[in-house]
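Here the structure is laid out as structure tokens; the discussion comes afterwards.
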Amino acid sequence: WYWQKEKREPYVKFMEANYPPGFSYEDFGPLFTAEFFDPNQWADILKASGAKYVVLTSKHHEGFTLWGSKYSWNWNAVDIGPKRDLVAELATSVRNRTDLHFGLYHSLFEWFNPLFLEDATNVFKTRKFPTSKSLPELYEIVTKYQPEIIWSDGNGNAPDTYWNSTGFLAWLYNDSPVRDTVVTNDRWGVGSICTHGGFYTCSDRYNPGHLLPHKWENCMTIDKRSWGYRRNAQLDDYLTAEDLVKQLVETVSCGGNLLMNIGPTHDGRIAVIFEERLRQMGAWLKVNGEAIYGTKPWRAQNDTVTPEVWYTFSPKESKVNAIFLNWPVSGTLELGEPRAKLGETQVKLIGYKELLKWVALGEKGIVIALPQLTPKQLPCQWGWILQLTDVN
């Protein structure tokens, strides 16, 4: 897109300097090799991240399918490049080795597909592209791989009637092999985003910081600048473990899910920096998962007195979780939101055995004495959780 459509200078110059004259985008096909792709290793890393679902990009806006699609002749991972069905391999490994829900991302439109460009020229009065390419692919991946999440993207500025999204979704929810388990997002044509769908994505890297009335997902990237793998990325370009925990906590407290994107390499690896970030997330969730998984938003999302404190609610145990991202120098944490009850309210630091001492601040608010711990005694890094029981 930057090289051939927008013709951005650095991209054009890079191609001229590093590739033979007349090199086309299609010539990248055989260079996508995936020789180090080990789906079992991927599944193990994904499981270790503490994630509950995974979404693989089965086809992006350039139209190349990671499975041997009947509708993408000679522009798919089975015919050229890896010569492997990458979707099938990952689906099998994820299902055999983890309890993650397996999902697939699929782009409706394709930047340079001549049929799509023709339909666009006709102001979408013709529907050659969706009927011969996009829709058949969607039916194909659902029937073949039975994903439990369909993450649609790329409306190409066309309405849902052009894509026949409602027709496909009616089949998906009523007749498809995943009709009882599947969930979908909100990107099914112009005007549907943030308005229609199983869960809303609203925009890339969407993190509103307040409660939304509908289930939503914050879809973001560990590399701040890219959804793909960048060979020239600097360390500063990657979010730190602290950054990621903060994103997770803010998102969940406001009723969202976090979809954390990584870009694998052309040879099929999850780069070590991405693996480290995923495993760090998993280490944090191993300690604090009970304040994240299966929680609901509480009446307050963040604290009114102390910044960087976010709340979740565990309905089964009726516990309020106060997640604080900065350990106070004073050793005491003041919370403005909880209404504590003398002799009834209990405060616990997740990962620490003993109950904590606290005093109420009038009708609303509580001051909690944190334990004096050495770095080795801390239950985790990057953020800690107080569980409050019997608060109004």
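The values are calculated or read from the model by the stated rules, or taken from the named source; none is laboratory data. On a predicted model such as this, the values are computed, not experimentally measured, just so you know. Glycine gets a Cβ as well: all are built from the backbone with ideal geometry, and neighbour counts include every protein chain shown. Heads up: the accessible areas ignore ligands, DNA and RNA and are worked out on the full protein's heavy atoms, side chains in. Shrake-Rupley method; radii C 1.70, N 1.55, O 1.52, S 1.80 Å.
Remarks
- In the stretch 1-26, the residues that are closer than 19 Å to Trp111 by Cα and free of Cβ contacts under 8 Å to residues at least 12 places away in the same chain: Tyr2, Glu6, Lys7, Arg8, Tyr11, Val12, Phe23, Ser24
- Enumeration of residues in the stretch 48-77 that are free of Cβ contacts under 8 Å to residues at least 60 places away in the same chain and not in a loop (DSSP other than H, G, I, E, B): Val54, Leu56, Thr57, Asn76
- Given (1) under 23 Å from the mean Cα position of the chain (by Cα); (2) buried (at least 18 other Cβ atoms within 10 Å of the Cβ); (3) closer than 23 Å to Tyr2 by Cα, index of the condition Leu86 fails: (3)
- Looking only at the stretch 192-241, and only at residues there that are within 30 Å of Ala170 (Cα to Cα) and part of a strand (DSSP E or B), the one that is most open to solvent (accessible area, probe 1.4 Å): Tyr200
- All positions within the stretch 267-311 that are touching a Pro at 6+ places or on another chain (Cβ under 9 Å) and of a type in the set (Ser, Thr, Tyr): Thr295, Thr306, Tyr311
- Residue count for the stretch 260-292, restricted to those that are open to solvent by 30 Å² or more (accessible area, probe 1.4 Å) and of a type in the set (A, V, I, L, M, F, W, C): 6
- Residue within the stretch 251-272 that is farther than 30 Å from Phe37 by Cα, aliphatic (A, V, I, L, M), without any contact (Cβ under 8 Å) to a residue 60 or more places away in the chain and not in a strand (DSSP E or B) present: no
- Which listed residue is hydroxyl-bearing (Ser, Thr, Tyr), open to solvent by 50 Å² or more (accessible area, probe 1.4 Å) and over 30 Å from Thr265 (Cα atoms), from Thr312, Thr295, Thr304: Thr304
- Residue count, the stretch 1-60 (criterion: of a type in the set (S, T, N, Q), exposed (fewer than 12 other Cβ atoms within 10 Å of the Cβ) and within 27 Å of Val94 (Cβ to Cβ)): 0
- Residues located in the stretch 106-125, provided they are open to solvent by 20 Å² or more (accessible area, probe 1.4 Å) and within 27 Å of the chain's Cα centre (by Cα): Phe109, Trp111, Phe112
- Applying the criterion of being open to solvent by 20 Å² or more (accessible area, probe 1.4 Å) and either at pLDDT below 95 or closer than 16 Å to Tyr173 by Cβ (or both) to the residues of the stretch 136-153, the residue that is nearest to the chain's Cα centre (by Cα) is Glu148.
- Pairs with Cβ under 6 Å, 6+ apart, first in the stretch 190-219 and of a type in the set (Asp, Glu), second in a loop (DSSP other than H, G, I, E, B) and surrounded by fewer than 21 Cβ atoms within 10 Å (Cβ to Cβ): Glu217/Phe199
- Near pairs, Cβ below 7 angstrom, 6+ apart or cross-chain, from the stretch 338-365 (under 18 Å from Thr312 (Cβ atoms)) to any residue that is basic (Lys, Arg): Arg339/Lys364
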